[in-house]
Each structure stands twice: as C-alpha cells, then as structure tokens.
Amino acid sequence: MIGGAMISGAMRHFVYQRVHTLGGKARHLSEHLALAARTYEQIYGVKPEPDERKVAASIAETLHRKHPVAQVSATAMLYFYEAGDGSHTLTVNYERPLLETGYAHSPLRPRGVTFEYSIPFGGLPTNFQIEAQALFDSRALRLHGATRSVRREGDRLLSCGDSPLFAIRGRTLIAPPTIESVERGLVVAAAVKSRLGVCEEPILHSELMSFDELFVADAAGVTSLSECDGAKFMSLTAARIAAALTL
C-alpha cells in the first residue's frame, strides 16, 4: 500500500529512506527501495516488495503537488511502517527543495563535535536514528556552538546521524563500512572515477589530526566539515567527488 500523508499514530516506529529527486523523478530508487526492504526484514522478519513503478509515480505526484517546478532538485522521504493488521505500508512525503540542481558540494562547512551514544538497531535508518540525530545536533549547537553531531563509539567515528562519514588523507578516500547507505556507494564509485585510492577502514578519533578532509554524504550531496573536536580540515577533494557523483 502506498500513501501520501503521514499518520503519526500509525508511524510510531518506521524504516525510512531519504531520496534525491530531480524534476519529480527519484534518483537511485531501486537501491533505496532495496535497502529499505532489507532493513525492514531485519527488524520485522518480513521483506516487503514494493512496486517500483507505483512508488515512482507516487513520488512524482507528491513532488508536483508540493513543488510544481520542472527540473528542480528536492528530497523526498519514503516511510515503511507496519499497519494494524501486520502488513506494511509505504508513505511518500515531500521534504525540502535543494538550492542546486543535482548532487552538490554544500557551500556551508559546519563544525562537528562527537558524542558517544547507542540507539536501537544501530545505524539502521529507523525513527530512532532520526530522533537521535535531532537530539544530538541540538546538543552540539547548544553546548558547543557546532551544527553537526558525529556519532562516536570508543575511538571510532561512525556517522553524522544517518549520513556516512568519510575522510581524505592525501589522495586516498577513507570509507569506513560502519553504515549502509546508497550515498556511500555513490561516493566510493565517484572516488574511483576521480582516480583516488579507496581504503575501507575505520575513521579513528585519535587520528583526526592526520586527515586533510572530513565530510558526509546524503541525498543532497556532500558536506565538508570545517573542523571536528578541534581538528581543522580543507574541502578540496570532497568538491571533486561531489562533482563526480552520478545522478
């Protein structure tokens, strides 16, 4: 079942995906639906099989109703949640317009600060992830004047909410396999296309000073952090990676 409006009571717990849209068309929809289905199966034990054509049509209709401008990029949210009879429901919601067309390298370079915390289902894209990110982003701003919270586990830096975290050292992309996301795969492919080395290893807090850049990737594109816990970074290679991202 596909709907177009959130029902707060029914959506107390949900699995979600945030997708990039251009001109009302969702990009990498197959990958987003597959990831949402795997996550849902891990939690509920049942794997949904959404009709991609119907979901695409619902996204196009929702975007046209909320933001009827051709060739404009925006993000949309796909919510999977369990209905009262045990079946699953997929709801499509418009989220926000983007300033640029396509994946972009953000002109803003926020400061990051780390917090060590755990959430149910780890880094899976669920309502717990959204709630934790909102909580710790607000704490980062209130306590440290920083606008992005970075989830930390011991010496390992895991993610910025549901956005995978990457580092650059020289001509090598450090891509820790700590969080599964469509954008993580896109960034790794873009790095290879840009003739960078790719190393899948943890980003360690104790090594922050050794990195040239630290950035996150999400449905909007790439955002470079200006600093994290006092370590300062550039934003040269991240911009090249953003330019090479495939729509």
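Since every read-out is calculated from the coordinates, none of them should be taken as a lab result. Keep in mind that what you see is a predicted model, and the values were worked out from it rather than measured. Cβ atoms come from the backbone with ideal geometry, glycine included; neighbour counts cover every protein chain shown.
Data table
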{"quantity": "Low-density loop positions, chymotrypsin sites (Phe, Trp or Tyr not before Pro), region 50-151 - DSSP coil, at most 16 other Cβ in 10 Å", "calculated": "Tyr117, Phe121"}
{"quantity": "Residue of Leu90, Leu204, Leu108 that the Gaussian network model of the chain assigns the largest fluctuation, springs spanning Cα pairs under 10 Å", "calculated": "Leu108"}
{"quantity": "Given charges at Cβ of Lys, Arg, Asp, Glu: the chain dipole, positive-most of Thr114, Phe128, Ala37", "calculated": "Thr114"}
{"quantity": "Per DSSP, loop GluC sites (Glu not before Pro) in region 183-246 with at most 16 further Cβ within 10 Å", "calculated": "Glu200"}
{"quantity": "Electrostatic dipole magnitude of the chain [Cβ: Lys, Arg +1; Asp, Glu -1; Cα centre; debye, to 20]", "calculated": "640"}
{"quantity": "Nearest-ten-degree value, helix 182-193 long axis tilted from longest Cα axis of the chain", "calculated": "50"}
{"quantity": "Among Leu214, Leu196, Leu63, residue whose mean-square fluctuation peaks in a GNM of the chain (springs only between Cα atoms under 10 Å)", "calculated": "Leu196"}
{"quantity": "Estimated vicinal HN-Hα couplings, Hz - region 230-247 in sequence order (Karplus 6.51, -1.76, 1.60; Gly, Pro = x)", "calculated": "x, 7, 9, 9, 8, 8, 8, 5, 4, 5, 5, 5, 4, 5, 9, 5, 8, 6"}
{"quantity": "5 angstrom amide H check on Ser73, placed H, neighbours 5+ away", "calculated": "Gly23, Leu98, Gly102"}
{"quantity": "Two-site FRET efficiency, Ala83 against Leu135, from Cβ-Cβ distance with R₀ of 22 Å, rounded to 0.05", "calculated": "0.20"}
{"quantity": "Dipole in debye (nearest 20) - region 2-99, about Cα centre, beta carbon charges: Lys, Arg +1; Asp, Glu -1", "calculated": "340"}
{"quantity": "Charge tally in the Cβ shell below 9 Å around Ala140, where Lys, Arg are +1 and Asp, Glu are -1, Ala140 excluded", "calculated": "+3"}
{"quantity": "Listed residues His64, Pro50, Ala83: farthest to the positive end of the dipole of region 2-99 (Cβ charges)", "calculated": "His64"}
{"quantity": "Reach of Lys193 by Cα under 27 Å, taken over lysines that are not fewer than 8 positions away in the same chain", "calculated": "Lys25, Lys232"}
{"quantity": "Cα centre as origin, Lys/Arg/Asp/Glu Cβ charges: region 105-244 dipole, Debye", "calculated": "440"}
{"quantity": "Long-range HN-HN contacts of Leu165 with modeled amide H, under 5 Å", "calculated": "Cys160"}
